[in-house]
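Contents: one structure, followed by commentary.
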Amino acid sequence: MALFQIAEPGQSAAPHQHRLAVGIDLGTTNSLVAAVRSGEALTLPDDSNQHSLPSVVHYSVDSIETGLAAQALSVKDPQNTIVSVKRFMGRSLADIQSGEQQLPYSLTASDNGLPIFNTAQGAVNPVQVSAEILKPLISRAEKTLGGDLEGVVITVPAYFDDAQRQGTKDAAELLGVKVLRLLNEPTAAAIAYGLDTKQEGVIAIYDLGGGTFDISILRLNRGVFEVLATGGDSALGGDDFDHLLQAHLQRAFGLTELSASLSRQLLIESRRVKEQLTNADTCIASVTLENGDTVNAEVSKAEFESLIASLVKKTIASCRRTLRDAEVTADDIIETVMVGGSTRVPLVREQVETFFKKTPLTSIDPDRVVAIGAAIQADILVGNKPESDLLLLDVIPLSLGIETMGGLIEKVVTRNTTIPVARAQEFTTFKDGQTAMAFHVVQGERELVDDCRSLARFTLNGIPALAAGAAHIRVTFQVDADGLLSVTAMEKSTEVKTTIQVKPSFGLSDTEIATMLKDSMKHAKDDITRRMLAEQQVEASRVVETLSAALAKDADLLNPQELADINAAIEQLQLTAQGDDTDAIEKAIEALDAQTQEFANRRMDNSIRAALKGQSVENI
Amino acid sequence: MNYFELFQITPSFDIDTANLAERYRELQRAVHPDKFANESEQQKLLSVQRTAQVNDGYQTLKNPLRRAEHMLSLRGIDISHETTTVKDTAFLMQQMEWRESLEDIKDSQQADELIDDLYQSFAGFEKTLSQLLATLLATESDENNLSAADQIRKLKFMAKLQDELARVEDSLLD
């Protein structure tokens with residue numbers, strides 16, 4: 001964590017200091033961390049020169065292992081070794097158990113149906129498991145780069161819904177790491193290829209990872225990456241190839257009952273066979289049974305391809321649909337980029353090449369390309385490249401709607417709308433004196449609530465008691481650049497702000513996060529109060545620093561009285577921030593925010609006018 | 001909010017969409033949250049709100065139907081939540097015929113050709129409607145405004161048909 005610094009107004013702290021930030025690819029199978037060093041984005045290896053960390057966590061009674069060490073325990077102790085946790089993120093236990101093959105874990109559902117792994121260390125949820133994967137990557141980065149990180153960019157599948165994104169962000173925040181941005185994996189890959197500097201036109205990014213499939217269509221124009229449409233399947237990936245092969249081997253070996261350990265062994269062997277078949281026409285699969293016997297079976301490339309053909313076809317159908325959403329045709333695509341380890345499968349490459357009618361780009365290691373792109377974006381966002389032209393305009397992958405009468409859905413934001421986006425919707429009371437109203441927010445494309453993913457339920461309270469139909473409540477749904485939803489509401493005639501309690505359907509509530517945070521602190525022998533104080537102090541210094549820079553540039557937008565008031569509020573904040581009263585610092589920041597709201601608005605108007613100055617004069 | 005003002009473009013149904021896209025990118029460079037990643041929470045929130053406005057403005061001006069609706073709403077005629085419907089009998093007959101053709105697609109041997117034909121007929125009809133709309137919006141009068149609103153309603157019917165067709169096309173892929 002950055003040390004608290006106070007800068008005098010008009011003078012920012014260490015302006016040319018290189019800030020440390022990394023990009024993290026939190027993958028289903030493997031995870032990587034990358035950073036820009038001496039102008040080049042590279043993945044960072046660990047002490048034994050391994051770049052990728054297997055996304056595996058092992059819980060034993062007195063320790064937690066990750067990566068290869070955990071993977072080594074996978075066959076011996078499958079119940080306490082969690083693999084592919086990304087597939088559990090933001091999903092209900094029922095949802096997971098309906099789709100997956102036999103899972104070797106001891107799973108229970110939380111109060112709101114989320115999966116909980118019962119391990120040798122007690123109950124852990126997918127967010128906590130993901131945090132364990134992030135932990136060694138962050139310490140690796142801090143050790144290699146020689147300092148504390150100021151922020152990270154974490155990549156997510158473009159097709160991840162709100163709950164899955166929020167879970168990913170929560171995992172990083174559990175570790176006290178600032179998330180600069182959740183970046184979509186396909187967009188990260190496009191950045192890594194430097195396509196922005198080379199060309200203008202429409203590109204397609206086909207991303208088949210271990211557990212997820214994404215297809216994104218982007219328009220490039222002088223540094224701006226505009227996502228036109230995105231599609232895919234957040235539960236389709238190379239893991240499914242492995243599972244199909246596993247079932248095939250089970251049949252071939254004539255095994256009816258599988259122990260958890262043998263099942264895991266079979267799965268690992270399936271993955272090996274799949275990888276072998278990339279460059280070979282046949283491969284011998286071999287497993288050791290519980291009685292010590294070893295059994296073998298030959299698998300041909302053709303057999304493997306017939307097993308996975310329908311899944312690959314499914315990805316191509318997604319490509320067709322997404323092209324249409326983007327309002328372009330395959331002929332418009334000037335470049336296709338392949339991302340994700342599963343694009344090494346020859347059948348996948350062939351099918352993609354046939355569909356888009358051009359040889360896909362594969363020059364950057366498909367396993368590393370996402371982390372590299374994330375590192376480039378992190379370097380820019382943290383402020384190391386103020387002159388950069390790069391700008392990413394992402395879209396929301398799935399429509400957002402609210403439940404209406406009879407289990408139907410009214411769409412509020414349709415899929416592939418560029419984010420950030422805000423939509424206001426008006427509702428009215430139907431009873432005299434009604435003071436509360438309940439909402440159910442869902443995400444998905446289908447018309448019935450039951451066919452969509454439930455995101456959250458929230459209740460508006462504090463509606464002024466009026467006659468039925470007299471209170472008009474304006475509810476604003478806002479989706480930020482990370483694709484995360486927030487909701488605000490106001491009664492129109494009285495301008496009363498109503499309060500909202502959001503209960504995420506498949507995410508963690510604020511209280512659950514606070515509890516997890518406290519637990520993690522206990523382990524780290526840290527102190528939550530100290531951390532909260534430090535966070536407020538850092539925020540205070542950020543506010544003062546950016547405001548000082550703004551004043552140095554645009555003080556002429558203020559009259560002398562306004563300027564004096566702001567300076568007084570700054571001094572007050574600086575004074576308060578030197579103390580140790582967290583609440584007082586928070587209040588002082590709020591006071592300064594209120595004092596400078598109008599100034600911030602004027603500056604924004606100014607920069608909007610300046611932005612269009614270069615355009616041909618077509619003023620009204 | 002007047003989106004023509006935000007983009008500093010003269011209000012008109014015929015706009016240069018390439019120029020609009022260019023202005024959109026320039027505005028995004030000025031307001032996008034990524035430009036404020038290191039600034040205060042207040043700045044970030046303000047930037048999210050402004051960017052949402054710019055995005056909505058771009059989508060409104062880019063889409064001919066929404067652009068026309070926006071022009072009418074700036075003239076005080078809001079038809080976005082109305083219940084008035086089209087009374088033109090010939091138009092409604094044509095709609096029914098097209099809906100029947102949509103029904104026929106799934107049982108047809110030449111589904112792809114039928115789909116292509118329908119897309120072409122829709123596009124042709126929409127072009128005629130849009131041209132009429134452009135003329136009506138160019139000269140502001142009460143009569144022209146009301147007549148323009150009628151054309152917009154028809155274009156909405158066409159947009160729904162397009163969606164239906166896309167859905168039918170999708171169902172053939174599954």
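Throughout, read-outs are computed from the coordinates displayed, never taken from laboratory work. Bear in mind the structure is a predicted one, so any value in this text is a computation, not a measurement. Here Cβ is always computed from backbone atoms with ideal geometry, including for glycine, and neighbour counts include all displayed protein chains.
What's the percent breakdown of Cα-Cα distances in the stretch B:3-62 across 5 Å bins, shortest bin first?
In order of increasing distance, the bins hold 4, 20, 29, 19, 13, 9, 5, 2, 0 percent.
Just name one of B:Leu114, B:Val168, B:Ile152: the one whose Cα is farthest towards the positive end of the charge dipole of the stretch B:89-173 (beta-carbon charges, Lys/Arg +1, Asp/Glu -1).
B:Ile152
Can you give the calculated 222 nm mean residue ellipticity of chain B, where each DSSP H run of n ≥ 4 adds -39,500 (n - 2.57) and the sum is split over every residue, rounded to the nearest 500 deg cm²/dmol?
-25000 deg cm²/dmol
Enter the per residue convex hull volume of the stretch B:89-173, computed from alpha-carbon coordinates, in Å³ rounded to the nearest integer.
79 Å³
Taking R0 as 41 Å, what's the FRET efficiency between A:Phe430 and B:Arg75 from their Cβ-Cβ distance, rounded to 0.05?
Given R0 = 41 Å and the Cβ-Cβ separation, E is 0.75.
If I model a spin label as a point 7 Å beyond the Cα along the Cα-Cβ vector, how far apart are those points for A:Ala260 and B:Thr85 in nm?
That separation, rounded to one decimal, is 6.1 nm.
By a straight-distance test (C-alpha under 15 Å), which aspartates and glutamates pair with A:Lys497 as possible cross-link partners, with residues fewer than eight away in the same chain excluded?
A:Glu426
Residue farthest toward the positive end of the dipole of chain A, with Cβ of Lys/Arg at +1 and Asp/Glu at -1: which of A:Val179, A:Leu220, A:Ala94?
A:Leu220
Lys/Arg Cβ at +1, Asp/Glu Cβ at -1, dipole of the stretch A:416-457 taken about the Cα centre: which of A:Phe430, A:Val449, A:Pro420 is farthest positive-ward?
Positive-end residue among those listed: A:Pro420.
How charged is the neighbourhood of A:Leu563? Take every other residue with its Cβ under 14 Å from the Cβ of A:Leu563, and add Lys/Arg as +1 and Asp/Glu as -1.
Surrounding charge for A:Leu563 is -3.
Based on alpha-carbon centroids, what's the gap between the stretch B:91-108 and the stretch A:20-55 in Å, whole number please?
The stretch B:91-108 and the stretch A:20-55 have Cα centres separated by 56 Å.
Would you mind ranking A:Cys319, A:Cys283 by Cβ crowding within 10 Å, fewest neighbours first?
A:Cys283, A:Cys319
Note down the net charge around A:Gly201, summing +1 for each Lys or Arg and -1 for each Asp or Glu among other residues with Cβ under 9 Å from its Cβ.
Neighbour charge sum, excluding A:Gly201 itself: -2.
Rounded to the nearest Å, what's the spacing between the alpha carbon centres of the stretch B:111-174 and the stretch A:380-435? Just the number, please.
Using only Cα atoms to place each centre, the spacing works out to 27 Å.
Treating the beta-carbon of each Lys and Arg as +1 and of each Asp and Glu as -1, no other charges, what is the dipole magnitude of the stretch B:89-173 about its Cα centre, to the nearest 20 debye?
Result for the stretch B:89-173 is approximately 300 debye, rounded to the nearest 20.
What's the extension gain from B:Glu97 to B:Thr128 if we count 0.36 nm per residue and subtract their Cα-Cα distance?
Result for the pair: 9.3 nm of gain on full extension.
Can you tell me which lysines have their Cα less than 19 Å from the Cα of A:Lys431? Leave out same-chain residues fewer than eight positions away.
Those lysines meeting the cut-off are A:Lys492.
Please compute the average number of Cβ atoms from other chains found within 10 Å of each residue's Cβ in peptide A:537-550.
2
Around A:Gly211, what is the net charge, scoring Lys/Arg as +1 and Asp/Glu as -1 over all other residues with Cβ under 9 Å from its Cβ?
Summing Lys/Arg as +1 and Asp/Glu as -1 gives 0.
Are there GluC sites (Glu not before Pro) in the stretch A:195-304 that DSSP puts in a loop and that have at most 14 other Cβ atoms within 10 Å, and which ones?
Within the stretch A:195-304, the qualifying GluC sites (Glu not before Pro) (loop, at most 14 other Cβ atoms within 10 Å) are A:Glu200, A:Glu257, A:Glu290.
For the stretch A:529-620, state which trypsin sites (Lys or Arg not before Pro) are in a DSSP loop and have at most 11 other beta carbons lying within 10 Å of their beta carbon.
Sparse-neighbourhood loop trypsin sites (Lys or Arg not before Pro): A:Lys613.
Classify the protein assembly as shown as rounded, prolate or oblate from the Cα gyration tensor: take a ≥ b ≥ c as the square roots of its eigenvalues, call it rounded if a/c is under 1.5, otherwise prolate when a/b beats b/c and oblate if not.
Taking the square roots of the gyration eigenvalues as a ≥ b ≥ c, the protein assembly as shown is oblate.
What is the Cα convex hull volume of the stretch B:1-136 when expressed per residue in Å³?
182 Å³
Which value, in debye to the nearest 20, gives the size of the charge dipole of chain A about its Cα centre, when Lys and Arg are +1 and Asp and Glu are -1 at the Cβ?
The dipole magnitude comes to about 740 debye.
Quick one: dipole size for chain B, taken about the Cα centre, charges +1 on Lys/Arg Cβ and -1 on Asp/Glu Cβ, in debye to the nearest 20.
Value, rounded to 20: 840 debye.
Hey, which lysines would be in cross-link range of A:Lys553, C-alpha to C-alpha under 19 Å, not counting anything within fewer than 8 residues on its own chain?
A:Lys613, B:Lys35, B:Lys44
Applying 1/(1 + (r/R0)^6) with R0 = 56 Å to the Cβ-Cβ distance of A:Ala594 and B:Ser147, what FRET efficiency is obtained, to the nearest 0.05?
0.70
Once every DSSP H run of n ≥ 4 in chain A is given -39500 (n - 2.57) and the sum is divided by its residues, what mean residue ellipticity at 222 nm do you get, rounded to the nearest 500 deg cm²/dmol?
Calculated at 222 nm, the ellipticity per residue is -12000 deg cm²/dmol.
Hey, rough spin-label estimate for A:Thr282 and A:Asn567, points 7 angstrom out along Cα→Cβ, what's it come to in nanometres?
A separation of 8.6 nm, rounded to one decimal place.
What FRET efficiency comes out for A:Thr488 versus A:Asn291 if R0 is 56 angstrom and r is the Cβ-Cβ distance? Round to the nearest 0.05.
Approximately 0.30, to the nearest 0.05.
Measure off 7 Å from each Cα along the Cα-to-Cβ vector at B:Asp104 and A:Thr359, then give the distance between these two points in nanometres to one decimal.
Between B:Asp104 and A:Thr359, the simple spin-label model gives 4.7 nm.
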